[in-house]
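As structure tokens, the structure follows; a few thoughts come after it.
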Amino acid sequence: MIAWYDTNIILIQSTFVGLLMALSLQVPIRFGVFSFAGIGCYGIGAYVAAIMTIRYEWPAAAAIGAGMLIAGVVGYLLALTVRRLGGLYLGMATIAFDLIVGVLAVNGGDLTGGPSGLFGALADVTTLHLVLISAVVIGLLAYSERGAIGRRVEAVREDPELAASMGIDVRRHRQAAFVISALLGACAGGLNVLLRTTIAPTDIGFSLVVLALTMIIVGGSRSWAGALIGAMIFTWLPGFLEFSGQWQKVIYGVIVALAAIWVPGGLLGMMTDAYRSWQRSRRDAGSGDGDRTPLGSRAEGTPA
Amino acid sequence: MLQDLINALSLGSIYLLFALGMSLVWGTVGILNFAHGAIFMFAAFVSSVITDQVRLPLPALIVIGAAVGALLSVAVQLLAFQPIMRRAKDHRSGEMQILIGGIGVAAIPLAIAEEVTGSNPFGFAGSSYVTSTFSLLGVRVTSTQLMVVAAALVIGIGVIVWLRFSRSGLALRSIGVDPETASLMGVNRRVLSLSTMAVAGGLAGLAGVLLTYNLGAITPESGDVLLIKAFAAVILGGVGSMAGVIVGAYVLAVAETIVLTQTSGLWVDAVSFGFIFAVLLFKSEGLFGRREVRRT
Amino acid sequence: MHFGGVKAVDGLSIDLTEGSIFGVLGPNGSGKSTLLAALTRFVDLTAGSLHLDGEEYHRIPAATFARRGVARTFQTVRLLPGLTVEENVRLGADRIRGRGIRERGKGDDDVAEAIGRTGLRGLERHRPGELSYGAQRRVEIARAIVAKPRLLLLDEPTAGMNQSERQEISALLRELREEGLTQVLVEHDVQMMVDTCDHLFAMNFGKLIADGVPASVVREPAVREAYLGKRWSEHV
């Protein structure tokens, strides 16, 4: 066990960072906001944490916290700026935002280290810290998926107009999605840079957006558990695919494409559906004929 | 100065050739195809692999590139986008899934090309066509640049004329405005979507071959970069407007050339990203686009 | 209210007194749904004003207005497919809870009561997709009444229901009126409107063509011509 841990420590740590990063895209999607800004905030968090650690020798928690604070503010301002955009346009605007963060990093001079980035961000972040932070984040998100908050989020995503008629302030929820996404992204970025000690502009490009999105698509976008499944798969899959030799990347591509096309709910969605239909069949078998009429007489008509 | 203008013109023409197909599909069939960059790259890649075996002239490579692009584009439509649209519960969620599906599908050709080339640049060293350079008034122009500009303008204007005056062009525009009514009027949406995707893919393949000639070599990742730039050109001109995408492509190229010559060059990418952001925020219908008439 | 140059509802002045059911009658496209959308702040007014308790409200967001105790149902069924029937109804109760108006735990009783009154008992754990159309409509009504609103707006609540289901809904609405709930009811079923409402507004082309006691409104020639001509004979 100890030996396994030692040989795989990088992958284990990457799984948690990947989880936080995937969550930073998943939370807005769950709120019905198609924003990829979490990845730009990952960059902000990574750079701020690195700068604070290298230049000012701040302790790790403060350096990451500073990154989260700045990213949170940026996320809120971004939410205000793009408040009138929706769907595809919002998605593309936030991808542009992510890429602008990369351009700023390239042109940041001594502060960001230019195209070669920053080196030597040494800090005492351990796997235990990662596990604790992830546990807290999962706990909070799991809470937000249940009860009154969960129902509100569901309403805001599925039918904003209906949500408004229920007295739910849709605009506030959207802003919250941006800020939560920014905090999660910045946290992931800050943790990763302090674990790996370096960050460069090429680390936060379009491919990172694709990776995080891939995790959610394959894992499932409805719950934190989907992001966890996705983060595990895409952190460990390359190792398992080594048997396939040089076609590893192609297999990876096929998996992503198949998931995107045929399993829109991700693996988690598949499992939930299976569980529900099992539950249904059990319920139908168990219940008498008393209250089943509405089920049997499924009206075909649509309202005028 | 004049040299910069020539460079901007040929850069803009590449953007235009790439963006035309993307804009055509997006403005009519309503699909933002994120696999367009991979189709573009893969067409050039296949041409490169073939000409390494058989020494081919430029026209042959263009035909191969366009054919590969068209086939790939049709395959993506049949295997990815159609199943997604059939299953999507509404336009909004379908749009998102098509974007994600496009990103997913794009991973396959990219992976194949990266695998074969070892992620190294590839070109047409085996082709019989050699770029010749002219010098006029101290300005250097290559034959490939001239060809790129001519192709972009001819095809760009050709698409406008076709959309405006032909029956199939009218049918295509009608599904862009109101798919339901268009179907009622006897427009076969499925066939039209497929042929539009084929045309768009063919244009992407053509652009891939010409760009590879123009630059000497491209990398498998080139498609992603162009995708964002083309998106900026389409947004700038206005979704659904072909004249808009022509203007958008050249405006973007000129702006990038200015930034390139006036700064260290590291800010160039900020131009397209900045355009996307600014246009979406302040004039979301672009320079020439119609206001959104589609019901949401 | 203007839709691209066309006035959807024009020169309409209605005054809702507490504890009555007001019916809005009119052919498709006569502006009934637009009227509800305007009353609930989903579309902005281009002219005119709205008052609740004598206070102007035509500049506040829809959500804020809803929190003042106004509930509505929609013309098309709008349930959340991922939630069970019970959770969908509970969504309606949430708005009151958490705002300190009601003590904790009371929500459960309200949800059970709303489900019982709309005849959905036994279906709590089903998802909307598994229900008949009429049952889905009843979930909509349950969600609207669970929060004990002061004003309830119903946009064709019985569309797609059979005759006996309609009578049940009509009885429920009258029962709610006896408890003091003011309602605005948009419906096509003339017989149901006459049976249920205290006051009827008849509309056509976005204009009020008649209003008053239901029985007399449906006898107005203008109303018959605009809307009832064919249908009335089907119903009587």
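The values are calculated or read from the model by the stated rules, or taken from the named source; none is laboratory data. This one's a predicted model, so the numbers in the text were calculated from it and none came from an experiment. Using ideal geometry, Cβ is built from the backbone for each residue, glycine included, and neighbour counts are taken over all protein chains shown. The area values use the complete protein model at the heavy-atom level, side chains included, leaving out ligands, DNA and RNA. Shrake-Rupley method; radii C 1.70, N 1.55, O 1.52, S 1.80 Å.
Where nothing but the Cβ of Lys and Arg (+1) and of Asp and Glu (-1) is charged, how large is the charge dipole of region B:2-221 around its Cα centre, in debye to the nearest 20?
Working: 11 positive and 9 negative charges, 121 e Å.
It works out to roughly 580 debye.
From the Cα gyration tensor of region A:2-204, with a ≥ b ≥ c the square roots of its eigenvalues, which class applies: rounded if a/c is under 1.5, or else prolate if a/b is larger than b/c, or else oblate?
Numbers: a/c = 2.37, a/b = 1.46, b/c = 1.62.
Oblate, since a/c reaches 1.5 and b/c is not below a/b.
Sort B:Met185, B:Met96 by accessible area with a 1.4 Å probe, largest first. Could the numbers behind the result be given before it?
Values: B:Met185 150, B:Met96 25 Å².
Descending accessible area places them as B:Met185, B:Met96.
Search the structure for amide H atoms under 5 Å from the amide H of C:Val184, placed 1.01 Å from N in the peptide plane, and list their residues when 5 or more places away or on another chain.
C:Phe22, C:Leu152, C:Leu153, C:Leu154
Quantify how strongly other chains surround peptide C:83-89 by giving the mean number of their Cβ atoms within 10 Å of each of its Cβ atoms.
2
Please compute the average number of Cβ atoms from other chains found within 10 Å of each residue's Cβ in peptide A:260-272.
Working: counts 12, 13, 5, 0, 9, 0, 0, 0, 0, 0, 0, 0, 1.
The shielding value for this peptide is 3.
Taking R0 as 30 Å, what's the FRET efficiency between C:Leu45 and C:Ser20 from their Cβ-Cβ distance, rounded to 0.05?
Numbers: r = 24 Å, r/R0 = 0.79.
Rounded to the nearest 0.05, the efficiency is 0.80.
Please list the equivalent ellipsoid semi-axes of chain B, computed as the square roots of five times the alpha-carbon gyration tensor eigenvalues, in descending order and whole angstrom. Before the final figure, lay out the partial values.
Values: eigenvalues 182, 106, 65 Å².
They are 30, 23, 18 Å, listed largest first.
As I understand it, the dipole of region B:1-160 uses +1 on the Cβ of Lys and Arg and -1 on the Cβ of Asp and Glu, about the Cα centre. Which of B:Met96, B:Pro83, B:Thr117 lies farthest toward its positive end?
My answer, from the dipole projection, is B:Pro83.
Across peptide C:125-137, how many C-beta atoms of other chains are within 10 Å of each residue C-beta, on average? Don't jump to the answer; show the numbers that get you there.
Values: counts 3, 5, 2, 0, 1, 6, 4, 8, 8, 5, 6, 2, 2.
That average works out to 4.
Going by average Cβ neighbours within 10 Å, how do the peptides C:60-69, B:118-127 rank, with the highest at the top? Don't jump to the answer; show the numbers that get you there.
Values: C:60-69: 18.1, B:118-127: 15.3.
My ranking of the peptides, most packed first, is C:60-69, B:118-127.
Using unit Cβ charges (K, R positive; D, E negative) and no other charged atoms, how large, in debye to the nearest 20, is the dipole of chain A about its Cα centre? Don't skip to the answer; put the middle values down first.
Values: 20 positive and 18 negative charges, 119 e Å.
I would put it at about 580 debye.
Just the number, please: percent antiparallel of the DSSP beta bridges in the protein assembly as shown, rounded to the nearest 5. It would help to have the intermediate numbers written out before the result.
Values: 16 of 32 bridges.
If I count the DSSP bridges inside the protein assembly as shown, around 50 percent turn out antiparallel.
Any idea of C:His126's accessible area? Nearest 10 Å², probe 1.4 Å.
Counting only protein heavy atoms, C:His126 exposes about 10 Å² to solvent.
In square angstrom, rounded to the nearest 10, how much accessible surface does A:Ser144 have for a 1.4 Å probe?
20 Å²
Please name which of B:Ser183, B:Asn214, B:Phe45 has its Cα lying farthest along the dipole of region B:2-221 towards the positive end, using unit charges on Cβ (Lys, Arg +1; Asp, Glu -1) and the Cα centre as origin.
B:Ser183
Averaged per residue, what accessible area in Å² does region B:2-221 show with a 1.4 Å probe, protein chains only?
Result: 41 Å² per residue.
Which whole-number percent gives the relative contact order of chain B, counting Cα pairs below 8 Å spaced six or more residues apart? Spell out each step's value before the answer.
Values: 490 pairs, mean separation 101.6, N = 296.
For chain B, the relative contact order is 34 percent.
As a test of reading the structure, rank C:Phe74, B:Phe42 by solvent-accessible area (1.4 Å probe, protein chains only), most first.
Working: C:Phe74 10, B:Phe42 35 Å².
Order by accessible area, largest first: B:Phe42, C:Phe74.
Using a 1.4 Å probe on the protein heavy atoms, what percent of the accessible area of the protein assembly as shown belongs to carbon and sulfur? Walk me through the numbers before you get to the answer.
Details: 22000 of 36040 Å².
That share works out to 61 percent.
In whole angstrom, how far apart do the alpha carbon centroids of region A:96-116 and region A:130-158 sit?
33 Å
Once phi is turned into θ = phi - 60°, what whole-Hz ³J(HN,Hα) does the Karplus curve with 6.51, -1.76 and 1.60 give for every residue of region B:265-271, x standing for Gly and Pro?
Taking θ as phi minus 60°, the curve returns x, 7, 8, 3, 5, 5, 4 Hz for region B:265-271.
Size of the dipole of the protein assembly as shown about the Cα centre, Lys and Arg at +1 and Asp and Glu at -1 on the beta carbon, nothing else charged, in debye to 20? Don't skip to the answer; put the middle values down first.
Values: 69 positive and 65 negative charges, 150 e Å.
With Lys and Arg at +1 and Asp and Glu at -1, about 720 debye.
What fraction of the DSSP beta bridges in chain C is antiparallel, stated in percent and rounded to the nearest 5?
Working: 9 of 25 bridges.
Here the share of antiparallel DSSP bridges comes out near 35 percent.
With chain A treated as a Gaussian network of Cα nodes joined by springs under 10 Å, which of A:Gly189, A:Gly117, A:Gly109 yields the largest mean-square fluctuation?
Judging by the Gaussian network model, the answer is A:Gly109.
Considering only protein heavy atoms, with the full assembly of protein chains and a 1.4 angstrom probe, order B:Glu285, A:Glu161, B:Glu180, C:Glu187 by accessible area, largest first. Spell out each step's value before the answer.
Values: B:Glu285 35, A:Glu161 75, B:Glu180 130, C:Glu187 5 Å².
The ordering from most to least exposed comes out as B:Glu180, A:Glu161, B:Glu285, C:Glu187.
As a test of the formula, what do you get for chain B when each DSSP H run with n ≥ 4 contributes -39,500 (n - 2.57) and the sum is divided by the residue count, at 222 nm and rounded to the nearest 500 deg cm²/dmol? Kindly include the intermediate steps, with their values, before the conclusion.
Values: 12 runs with 216 residues, N = 296.
Here the helix-only value at 222 nm equals -24500 deg cm²/dmol.
Output the pairs from A:Lys249/B:Lys229; B:Lys283/C:Lys207; B:Lys89/B:Lys229; B:Lys229/B:Lys283 with a Cα-Cα distance over 29 Å in this structure; if there are none, say none.
Numbers: A:Lys249/B:Lys229 26 Å; B:Lys283/C:Lys207 37 Å; B:Lys89/B:Lys229 31 Å; B:Lys229/B:Lys283 18 Å.
Those over the limit are B:Lys283/C:Lys207; B:Lys89/B:Lys229.
With unit charges on the beta carbon (Lys/Arg positive, Asp/Glu negative), name the residue among A:Gly150, A:Ile180, A:Leu23 whose Cα is farthest towards the positive pole of the charge dipole of region A:2-204.
Of the listed residues, the answer is A:Gly150.
With a ≥ b ≥ c taken as the square roots of the eigenvalues of the C-alpha gyration tensor of the protein assembly as shown, please select rounded if a/c is under 1.5 and otherwise prolate if a/b is larger than b/c or oblate if it is not? Intermediate results must be reported in sequence, preceding the final value.
Numbers: a/c = 2.09, a/b = 1.54, b/c = 1.36.
Cα axes put the protein assembly as shown in the prolate bin.
If you count only protein heavy atoms and use a 1.4 Å probe, how large is the accessible surface of A:Tyr42, to the nearest 10 Å²?
Approximately 20 Å² of A:Tyr42 is accessible to the 1.4 Å probe.
Under 1.5 on a/c is rounded, so check that first for region B:1-72, then, if it is not, pick prolate when a/b is larger than b/c and oblate when it is not; a ≥ b ≥ c are the square roots of the alpha carbon gyration tensor eigenvalues.
Values: a/c = 2.63, a/b = 1.08, b/c = 2.43.
Oblate shape, in that a/c is at least 1.5 and b/c is the bigger or equal ratio.
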